[in-house]
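The values are calculated or read from the model by the stated rules, or taken from the named source; none is laboratory data. Please read all numbers here as calculations on a predicted model, not as lab measurements. Cβ: placed from backbone, ideal geometry, glycine included. Neighbour counts: every protein chain shown. The protein model used for the area step is the full one, side chains on, heavy atoms only, and it has no ligands, DNA or RNA in it. Shrake-Rupley method; radii C 1.70, N 1.55, O 1.52, S 1.80 Å.
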Amino acid sequence: MTRVILKYAASIILILIALGTLGFALSPMGRAIGLVGVAMLVLLAIWCGGLVWFLHFRQRASPVARRWVAVVLLAFLPLLIAAWSNLHRLENFIEHRDWLTYESDHFVFHYAPAYSRQSEIAAYAARHDAAFEYNCNYLGVTLNNKVSFYVYDELAEGFAVPEWNEISADDDQSVGHEMTHIIAFHIAGERQKIKLIDEGVATWLNHSRRVTDHHQAAWEYIQEHDLFPLAELAHNKTFRRQRLQPYYPAASFVGYLIENYGLDAFRQLWTANAKYPEIYTTLEDFGGIQYFPFIPGERAHFTATVREIYSRPLGELDAEWRTWLEERYGQQR
Ligand SMILES: [Zn+2]
């Protein structure tokens, strides 16, 4: 009887591990899957094999050997999980072990020994500190730890990993965008699921020197590219698929919401959609939510929270915002 239960339990664990591994590999945390990640997967497979061997053939081993195998199997898994969840530290260390650092009030900047603008790092840091304080204050967030910031001469696409308090960016990138992903993360302590407001707030507070009026940039985008209704863009797939991703319209809409309806309402909207379960988002990315009628879907959840917090449908807010843009910029053409 115990054997049967053990076998079933082992099979369930194996399936959970397989699903967990898949989810991990495809999640933002999956950036850690490199060569070391593959080694981890191999170790996991060895562990699974060991478990199956133990459950089926342990009778063939002597009692002492059996006991030791059991101990190793038990201890191996938590160790592997601990190693895995700290993998990014190891990879980070390996990748940046000879890098230099510059510490400012809110950041620890890391740069390669060959980094070409080292002499400007203090000014670079000062600009970031100022923007950081402004943005934290603007969003009503306080952060206790300094942000690790990896500065590159040339990096195709900058990114922030709020869970790790880390940014990697090209030094030409706008000062505020990536840091705002980290600051805004702390409104709810969870990753924002709706790109429209996630990229919206990061762009709204990017302190760009190139684009100083995001509302105007949004208006120009709408004139040139025909913007989908926001209710469509709240669907992350649709947002991503735009030829030129609608960052400026998103920024303008977020700015419009905050300036006209206040920060509190926006923080509520943010929190309600950051708390939307990660597992639902993952399922939706795989196109499997139709099998789970209790999952509302990102977009439906977002529009419901808009209606609840702003007491009107998203479509109405969308039209109101576009009319406001038209009144403000329409005459100039
Ligand atoms: Zn972004």
Original post:
Yes or no: Q290 closer than 18 Å to L317 by Cα, of a type in the set (S, T, N, Q), in a helix (DSSP H, G or I) and more than 16 Å from the ligand (Cβ to nearest atom)?
Top reply: no
Subject >> Residue among E120, E154 that is away from the ligand (no atom under 16 Å from the Cβ) and assigned to a loop (DSSP other than H, G, I, E, B) >> reply: E154
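One line per residue, one yes/no per condition, for (1) basic (K, R); (2) open to solvent by less than 80 Å² (accessible area, probe 1.4 Å); (3) touching a Ser or Thr at 6+ places or on another chain (Cβ under 8 Å); (4) not assigned by TED's automatic domain parsing to the domain that holds M40:
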{"residue": "W68", "(1), (2), (3), (4)": "no, no, no, no"}
{"residue": "F107", "(1), (2), (3), (4)": "no, yes, yes, yes"}
{"residue": "A123", "(1), (2), (3), (4)": "no, yes, no, yes"}
{"residue": "D153", "(1), (2), (3), (4)": "no, yes, yes, yes"}
Original post:
What pairs can you find where one residue is in the range 165-179 and outside the structural domain of V201 (by TED's automatic domain parsing), the other is of a type in the set (K, R) and away from the ligand (no atom under 13 Å from the Cβ), and their Cβ atoms are less than 8 Å apart, with a gap of 6+ or different chains?
Top reply: N165/K146; D171/R117; S174/R209; S174/R210; V175/R127
Original post:
Given Y111, Y115, which one is of a type outside the set (G, A, S) and farther than 24 Å from A202 by Cβ?
Top reply: Y115
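Within the range 56-65, how many residues turn out to be within 21 Å of L14 (Cα to Cα) and surrounded by 14 or more Cβ atoms within 10 Å (Cβ to Cβ)? Don't jump to the end; show me each part of the working.
Of the range 56-65, the ones within 21 Å of L14 (Cα to Cα) are 56-58.
Narrowing further to those that are surrounded by 14 or more Cβ atoms within 10 Å (Cβ to Cβ): 58.
So the answer is 1.
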Original post:
Of the residues that sit in the range 238-252 and are basic (K, R) and more than 13 Å from the ligand (Cβ to nearest atom), which one is nearest to H207 (Cα to Cα)?
Top reply: R243
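Would a scan of the range 200-207 turn up a residue that is assigned to a helix (DSSP H, G or I), outside the structural domain of A122 (by TED's automatic domain parsing), within 12 Å of the ligand (Cβ to nearest atom) and open to solvent by 10 Å² or more (accessible area, probe 1.4 Å)?
Of the range 200-207, the ones assigned to a helix (DSSP H, G or I) are 200-204.
Filter once more, keeping what is outside the structural domain of A122 (by TED's automatic domain parsing): 200-204.
Then drop every residue that is not within 12 Å of the ligand (Cβ to nearest atom), which leaves 200-204.
After this cut, where a residue has to be open to solvent by 10 Å² or more (accessible area, probe 1.4 Å) as well, the list is 204.
Within the range 200-207 (the criterion being assigned to a helix (DSSP H, G or I), outside the structural domain of A122 (by TED's automatic domain parsing), within 12 Å of the ligand (Cβ to nearest atom) and open to solvent by 10 Å² or more (accessible area, probe 1.4 Å)), the answer is yes, since at least one residue qualifies.
For every residue, the table says whether it meets (1) within 16 Å of the ligand (Cβ to nearest atom); (2) modelled with pLDDT under 95; (3) open to solvent by less than 20 Å² (accessible area, probe 1.4 Å); (4) in contact with a Gly (Cβ under 6 Å, 6 or more places away or on another chain).
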{"residue": "V141", "(1), (2), (3), (4)": "no, no, yes, no"}
{"residue": "K146", "(1), (2), (3), (4)": "no, no, no, no"}
{"residue": "A169", "(1), (2), (3), (4)": "yes, yes, yes, yes"}
{"residue": "Q173", "(1), (2), (3), (4)": "yes, yes, no, yes"}
Original post:
Considering only the range 48-86, how many residues are more than 35 Å from the chain's Cα centre (by Cα) and not in a helix (DSSP H, G or I)?
Top reply: 2
Original post:
Which condition breaks for G255 when tested against (1) at pLDDT 95 or above; (2) in a helix (DSSP H, G or I); (3) open to solvent by 30 Å² or more (accessible area, probe 1.4 Å); (4) within 16 Å of the ligand (Cβ to nearest atom)?
Top reply: (3)
